[in-house]
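Structure first, commentary second.
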Amino acid sequence: ICEQCSEAEGSVWCMSCAGVHAWCGPCAVKAHRNLPFHKVQRWNGAHYQPTSLMDLGFLWHIGHGGDPCP
């Protein structure tokens, strides 16, 4: 179960973060808002396979503190 929202399956983990974490896709993106170069993997039912934050929906806004332009 996702450690952030506790509502969805925690199928994403980060190889770059310290500790053991399990997030759903949207929460993994939120947790990595300021860490766009971290390496993440997603559980496919048999094993973890490499994916990217971009594949999970990450959109990097440069400027405005990480928020979209006003």
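None of the figures in this text is laboratory data; all of them are computed from the coordinates on show. Computed from a predicted model, the values in this text were never measured in an experiment. Positions of Cβ are generated from backbone atoms using ideal geometry, with glycine treated the same way; all protein chains shown enter the neighbour counts.
Each Lys or Arg adds one and each Asp or Glu takes one away; over the other residues whose Cβ falls under 15 Å from the Cβ of Lys30, this sums to -2. What the Cα convex hull of the chain gives, in volume per residue, is 92 Å³.
The value of relative contact order for the chain, using C-alpha pairs under 8 Å at least six residues apart, is 25 percent. Computed extension gain for Phe37 through Cys17, at 0.36 nm per residue and net of the alpha carbon distance, reaches 6.1 nm.
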